[in-house]
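All remarks here apply to the structure that follows.
Values quoted throughout were computed directly from the atomic coordinates according to the rules given, and no laboratory measurement underlies them. Not measured: the values here are computed from a predicted model. When we count neighbours, we look across all protein chains shown, and the Cβ atoms used for this are built from the backbone with ideal geometry, even at glycine.
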Amino acid sequence: MSELSPRIFTEPTATYRISRAATKLYLKLRHGRRIEGAANVPPSGGALIVANHQSFLDIPLIASATSRHVAFVARRSLADTPWLAFVMRECGAVLIERGAADRAAMREMVDHLEQGDLVSIFPEGTRSTDGRVSPFMGGALLAARKAGVPIVPAAIRGSHAIWPRERSKPGPGRIAIRFLPAIEAGARDALERAQAGIEAAVGAGGYADVPAI
């Protein structure tokens, strides 16, 4: 397994900017990328972006939807691929052990948030099998609560149809992301409200299932 030393980036690095520019162009030209509710992403300060997970396109979609740096939480096994290990290290990703209470990763997430960074997490834990939203894991908001920052729900549509789990590469199709109003992470029902909002905005998971705003 490749070892990645935690480095806290709160501004886009050269690798991050190049990767974001390339994927942004691809998503716009190939998949007609649509962004809705961008004003709901705070222009500064820490916030946790909580999104549904439809395919491997979700990370570049979120990154391309804001000019700010976003630290993505990804499973540590992805670092077994050398080029992914390099990109994740240079972009300041937070690697976490799936199915385990990874305290070091949680501390790293809190550090990003406390230093005013955006952190993005997929609380379903894995990609959807049918495009619909699966139950969110209960610990998803812990970092936001510890850091005292809001959460911003993000609903992704169309990504599953373009690149489902059983396909080795993306196909044609249109993609959209909708950022919803921020929720105070300390609210007792914060996770439920985030999931309900995302489910309503995702519908059946397709690009055209929910009207544009």
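Put +1 on the Cβ of each Lys and Arg and -1 on the Cβ of each Asp and Glu in the chain; which of Phe72, Gly173, Pro12 then has its Cα farthest toward the positive end of the dipole?
So the residue we want is Gly173.
With θ set to phi - 60°, apply the Karplus curve 6.51 cos²θ - 1.76 cosθ + 1.60 along region 56-69 and write out the HN-Hα couplings as whole Hz, x wherever there is a Gly or Pro.
3J(HN,Hα) across region 56-69, in whole Hz: 5, 7, 5, 5, x, 5, 5, 4, 6, 8, 9, 7, 7, 6.
How big is the dipole moment of region 89-135 about its Cα centre under a simple scheme where the beta carbon of each Lys and Arg is +1, that of each Asp and Glu is -1, and everything else is neutral? Debye, nearest 20, please.
Dipole of region 89-135, to the nearest 20 debye: 200 debye.
Set the Förster distance to 45 Å, then compute FRET efficiency between Gln115 and Glu166 from the Cβ-Cβ distance, nearest 0.05.
Result of the calculation: an efficiency of 0.70.
Can you list residues whose amide H is under 5 Å from Ser120's amide H, if they're 5+ apart or on another chain and H is modeled 1.01 Å from N?
For Ser120, the qualifying residues are Ile49, Ala71, Phe72, Val73.
Which order results if Phe136, Phe86 are arranged by neighbouring Cβ count within 10 Å, fewest first?
Phe86, Phe136
Excluding Arg178 itself, what net charge comes from residues whose Cβ is under 10 Å from its Cβ, given Lys and Arg +1 and Asp and Glu -1?
Result for the local shell: +1.
Calculate the dipole size of the chain relative to its Cα centre from +1 charges on Lys and Arg beta carbons and -1 charges on Asp and Glu beta carbons; express the result in debye to the nearest 20.
Computed charge dipole of the chain: roughly 600 debye.
Ordered by residue, what ³J(HN,Hα) values in Hz, to whole numbers, does region 10-15 give under the Karplus form 6.51 cos²θ - 1.76 cosθ + 1.60, where θ = phi - 60° and Gly and Pro are x?
10, 10, x, 7, 4, 4
In the neighborhood of Ala154, defined by Cβ-to-Cβ distances under 12 Å, what is the net charge if each Lys or Arg adds +1 and each Asp or Glu adds -1?
Taking every Cβ under 12 Å from that of Ala154, the sum is 0.
Please compute the net charge surrounding Met109, taking Lys and Arg as +1 and Asp and Glu as -1 over other residues with Cβ under 13 Å from its Cβ.
-1
Once the dipole of region 72-213 is set up with Lys and Arg at +1 and Asp and Glu at -1 on Cβ about the Cα centre, which of Ala144, Ala185, Ala85 lies farthest towards its positive end?
Ala85
Considering only DSSP beta bridges whose two residues both sit in the chain, what percent are antiparallel, to the nearest 5?
25 percent
So, R0 is 22 Å and r is the distance between the beta-carbons of Ala212 and Tyr26; what FRET efficiency does that work out to, to 0.05?
The pair Ala212/Tyr26 has a calculated efficiency of 0.55.
So what J values fall out for region 24-39 if you push phi through Karplus, 6.51 cos²θ - 1.76 cosθ + 1.60 with θ = phi - 60°, rounded to Hz, Gly and Pro as x?
Residue by residue, region 24-39 yields 4, 4, 4, 5, 6, 6, 8, 10, x, 3, 10, 10, 10, x, 4, 5 Hz.
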